[in-house]
Amino acid sequence: MRKKLTLMLSLFLIYAVLTGTARAGSPIISVNPKITGTIEPGDTFLVDINITGVETPGIVQWMIRLKWDPAALNFTIEGGEPVIQEGTFLSQGVSGRTMFLYTGLNNTAGIFLEITCVMMVTGTRTGDGTLCIANFTAIAPASGSEIGIYESALLDENGDYVAHTIQNATVTVVPEFPAAAILPIFLITTTLVILIVKTVLLRKRRLPIVP
């Protein structure tokens with residue numbers, strides 16, 4: 001059912017883009033990994049897909065297609081389903097106002113064919129916000145692996161395509177620090193600390209030389 005609905009929305013998007021009038025706009029859809037510190041193989045992290053600068057008359061639907069480096073990253077799956085959730089930009093935090101759909105996840109190829117959301121009530125949305133939140137898992141070291149949007153669409157209430165720009169992001173997965181190397185480093189560090197402490201104590205214990 002989800003795939004059928006998504007296909008219908010996709011056809012609507014394609015029709016709107018081909019027949020609608022593209023109006024000027026300045027929205028930016030950006031990929032924003034929420035990372036603190038370093039990422040090692042096995043770590044998971046969130047990626048916010050944000051939108052900024054949506055002006056009047058606003059939008060009622062969006063669609064994005066994601067890509068990433070499958071050698072370094074996987075889209076996280078739990079219970080057979082992708083770990084992804086709708087943001088609050090269109091729904092404004094109230095359930096039932098939108099239809100959030102996705103299909104076509106392929107971790108081998110590193111693509112998510114379609115993620116889309118449409119308002120189910122009257123009105124439009126302007127301003128800034130989060131379209132969706134995705135979850136990724138690092139699987140191998142890599143420098144500067146891109147998480148990007150390779151196709152996207154925004155529609156207003158008249159079915160007109162809203163021009164916009166995309167800002168993608170890169171993440172670096174560092175090699176996992178081997179546990180076997182921790183003990184030698186610890187022993188070396190401990191030995192140095194002991195030597196420094198002994199040197200300081202010996203200096204303090206020296207008696208002054210009386211001429």
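The values are calculated or read from the model by the stated rules, or taken from the named source; none is laboratory data. Everything numeric in this text was worked out from a predicted model, so none of it was measured. Don't worry about glycine lacking a Cβ; one is built from the backbone with ideal geometry, like all the others, and counts go over all protein chains shown.
Out of the residues in region 64-89 that are within 12 Å of the chain's Cα centre (by Cα) and of a type in the set (A, V, I, L, M), state the one that is surrounded by the fewest Cβ atoms within 10 Å (Cβ to Cβ). Among them, the one singled out is V83. Based on what the data block shows, is A71 part of a loop (DSSP other than H, G, I, E, B) and in contact (Cβ under 8 Å) with a residue 60 or more places away in the chain? Taking the combined requirement at face value, the residue satisfies it. Could you check region 105-123 and list, in sequence order, the residues that are more than 20 Å from I166 (Cα to Cα) and buried (at least 16 other Cβ atoms within 10 Å of the Cβ)? Within region 105-123, L105, N107, M119 qualify. Here region 124-165 is the region considered, the condition is being among the aliphatic types (A, V, I, L, M) and assigned to a loop (DSSP other than H, G, I, E, B), and the residue that is farthest from I39 (Cα to Cα) is A163. Determine if region 98-105 includes at least one residue that is hydroxyl-bearing (S, T, Y), in contact with a Cys (Cβ under 7 Å, 6 or more places away or on another chain) and within 17 Å of D156 (Cβ to Cβ). Checked region 98-105: at least one residue is hydroxyl-bearing (S, T, Y), in contact with a Cys (Cβ under 7 Å, 6 or more places away or on another chain) and within 17 Å of D156 (Cβ to Cβ). Of everything in region 7-54 that is in contact with a Phe, Trp or Tyr (Cβ under 7 Å, 6 or more places away or on another chain) and at pLDDT below 85, the residue that is surrounded by the most Cβ atoms within 10 Å (Cβ to Cβ) is A16.
Quick check on region 137-148. Is at least one of its residues closer than 30 Å to E55 by Cβ and not acidic (D, E)? Looking through region 137-148, at least one residue is closer than 30 Å to E55 by Cβ and not acidic (D, E). Determine if region 32-48 includes at least one residue that is in contact with a Pro (Cβ under 9 Å, 6 or more places away or on another chain), in contact (Cβ under 8 Å) with a residue 60 or more places away in the chain and polar (S, T, N, Q). No, that holds for no residue. Among the residues of region 74-97, those identified as farther than 29 Å from E157 by Cα and either free of Cβ contacts under 8 Å to residues at least 60 places away in the same chain or touching a Leu at 6+ places or on another chain (Cβ under 7 Å) (or both) are F75, I77, E78, G79, G80, E81, P82, V83.
Those residues that are more than 23 Å from A109 (Cβ to Cβ) and either part of a strand (DSSP E or B) or within 13 Å of the chain's Cα centre (by Cα) (or both), I need them from region 49-61; list them, please. Steps first, answer last, please.
Taking region 49-61 first, the residues more than 23 Å from A109 (Cβ to Cβ) are 50-61.
If the condition is that a residue be more than 23 Å from A109 (Cβ to Cβ) and either part of a strand (DSSP E or B) or within 13 Å of the chain's Cα centre (by Cα) (or both), then N50, I51, T52, G53, V54, E55, T56, P57, G58, I59, Q61 are the ones that fit.
Of the residues making up region 36-48, those that are in a strand (DSSP E or B), more than 20 Å from L113 (Cα to Cα) and not aromatic (F, W, Y) are I39, T44.
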